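*Asks:* Can you keep this structure in mind? I'll have questions shortly.
The values are calculated or read from the model by the stated rules, or taken from the named source; none is laboratory data. Remember, predicted model here, so these are calculated numbers, not experimental data. All Cβ positions, even for glycine, are placed from backbone atoms using ideal geometry, and neighbour counts span all protein chains on display.
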Amino acid sequence: EKGGYEHFMLKEIFEQPRSILDSMRGRMIAESNHMMMAGIREFENKFVNADRILIVACGTSWHAGLVAEYLIEDLARIPVEVEYASEFRYRNPIITEKDIVIAISQSGETADTLAALELAKAKGATIFGICNVVGSSIARATDAGAYTHAGPEIGVASTKAFTAQVTVLTLIAMIIGSKRGTLETTKLHELMVELETIPAKVEQALKLNDQIVEIAEQYKDATNCIYLGRGYNFPVALEGALKLKEISYIHAEGYPAAEMKHGPIALIDEQMPVVVIATKDSSYEKIVSNVQEVKARKGKIIAIVTEGDTTIPAMADHVVEIPETSEHLMPLLSVIPLQLLSYHIAVMRGCNVDQPRNLAKSVTVE
Ligand code: F6R
């Protein structure tokens, strides 16, 4: 059942070219510039005229929500707020009938996410669900939604569900953007064509596995680790850190790279591994300076860069090259080496990667 892999997590990481394809299947035809998603069509006017979109989720699904904030604001120009379901529901939030609330959940059973959407529903908001498990409680409680179609995720650490969520949210941002006229037809077409190349590029990123095993060897005994990213790669930094801490029990922090100088930089010394996601995008020049700041303090730099980059490799201790893509789609590629890194480090430390201590696959307690 693990398909020849040692753990479900590794199997699920390697399934991603397929699961990402499944999550976009039937939802777009780049050739004819056509996109369709039944759940969105039903509430198209609501989405097009929304004053704001609220996203509620927990854990990794919350990270997918953060990626969606960048996507929807950029492509569809609708203000987005991303909320931890557990904080949102207890603070007397302002919700109106004009709001659209997107609940993101792999299991569809997370108690806080379910309660948050029930609250928003009671206040008249339109609730849209993005779930992986068909017929789950959250899927049933929503007005409309889109399944991620990633297939069952058994490993407790979420991997393929995350990339499927991000894929579906990307499609949603593109659909709303094109309906609202904020995303021009040519740009939409470019993104569709690029999105179609993502499964093959993920396949290519998975070939980094052996190289990542070598990096993992060197850092398996670390006690701390920092992950930095900017823009679309900021949520990926958070996700990389979460993956490492939950399965290897190494303390890890994800930060927006520019925030480092407001505190965490004090942690950096020659013992500190710093994973920097520094792909070629609109914040590239800025992150180059952040890498210099880490280098000046002798931190060990593990850089995730775009193929062919020479600037960051000149400063980094380890360089992992991933294929080039639009910055809008980069999280789908940049998260892959981070999933692999945490997996190998956890295995080398003798941890139970599929069932880490203290964790459950669906968190049905509040
Ligand atoms: C991390 C992880 C958790 C879940 C969180 C939400 O790898 O698995 O952080 O992402 O418990 O779960 P769902 O998406 O099922 O609501």
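*Asks:* Would you tally the residues in segment 231-250 being more than 16 Å from the ligand (Cβ to nearest atom) and more than 28 Å from Leu329 (Cα to Cα)?
*Replies:* Looking only at that region, the number is 0.
*Asks:* Here's another thing I want to ask about it. Please specify each residue of segment 181-204 satisfying the condition of being under 30 Å from Ala50 (Cα atoms), surrounded by fewer than 20 Cβ atoms within 10 Å (Cβ to Cβ) and touching a residue at least 24 places away in the same chain (Cβ under 8 Å).
*Replies:* Thr182, Thr185, Leu188, His189, Glu190, Val193, Glu194, Glu196
*Asks:* Any residue at all in segment 156-167 that's part of a helix (DSSP H, G or I), farther than 27 Å from Asn33 by Cα and at pLDDT 95 or above?
*Replies:* Checked against the condition, which is being part of a helix (DSSP H, G or I), farther than 27 Å from Asn33 by Cα and at pLDDT 95 or above, segment 156-167 yields no hits at all.
*Asks:* Mind listing whichever residues of segment 50-107 are within 22 Å of Glu327 (Cβ to Cβ) and in a loop (DSSP other than H, G, I, E, B)?
*Replies:* Arg77, Ile78, Pro79
*Asks:* Shifting gears a bit: Just to be sure I understand, how many residues within segment 39-48 are farther than 22 Å from Leu119 by Cα and either free of Cβ contacts under 8 Å to residues at least 12 places away in the same chain or surrounded by 21 or more Cβ atoms within 10 Å (Cβ to Cβ) (or both)?
*Replies:* Residues in segment 39-48 being farther than 22 Å from Leu119 by Cα and either free of Cβ contacts under 8 Å to residues at least 12 places away in the same chain or surrounded by 21 or more Cβ atoms within 10 Å (Cβ to Cβ) (or both): 2 in total.
*Asks:* Checking Lys11 against (1) part of a helix (DSSP H, G or I); (2) among the basic types (Lys, Arg); (3) away from the ligand (no atom under 16 Å from the Cβ), which single condition isn't satisfied?
*Replies:* Of everything listed in (1) part of a helix (DSSP H, G or I); (2) among the basic types (Lys, Arg); (3) away from the ligand (no atom under 16 Å from the Cβ), Lys11 misses just condition (3).
*Asks:* Can you tell me which of (1) on the phi > 0 side of the Ramachandran plot; (2) not in a loop (DSSP other than H, G, I, E, B) is the one Lys298 doesn't meet?
*Replies:* (2)
*Asks:* I would also like to ask the following. For segment 349-366, name all the residues that are in contact with a Ser or Thr (Cβ under 8 Å, 6 or more places away or on another chain) and either at pLDDT below 90 or near the ligand (Cβ under 8 Å from one of its atoms) (or both).
*Replies:* Answer for segment 349-366, where residues must be in contact with a Ser or Thr (Cβ under 8 Å, 6 or more places away or on another chain) and either at pLDDT below 90 or near the ligand (Cβ under 8 Å from one of its atoms) (or both): Lys361, Ser362, Val363, Thr364, Glu366.
*Asks:* If Ala116 passes every condition in (1) within 20 Å of Thr182 (Cβ to Cβ); (2) surrounded by 23 or more Cβ atoms within 10 Å (Cβ to Cβ) but one, which one does it miss?
*Replies:* Single failed check for Ala116: (1).
*Asks:* Are there any pairs, at least 6 apart or on different chains, whose C-beta atoms fall under 9 Å, with the first in segment 205-227 and of a type outside the set (A, V, I, L, M, F, W, C) and the second modelled with pLDDT under 95 and surrounded by 15 or more Cβ atoms within 10 Å (Cβ to Cβ), and if so, which?
*Replies:* Listed pairs, sorted by first residue: Asn224/Leu267.
*Asks:* In this structure, is Ala85 closer than 17 Å to Phe162 by Cβ, free of Cβ contacts under 8 Å to residues at least 40 places away in the same chain and within 16 Å of the ligand (Cβ to nearest atom)?
*Replies:* For Ala85, the condition - closer than 17 Å to Phe162 by Cβ, free of Cβ contacts under 8 Å to residues at least 40 places away in the same chain and within 16 Å of the ligand (Cβ to nearest atom) - is met.
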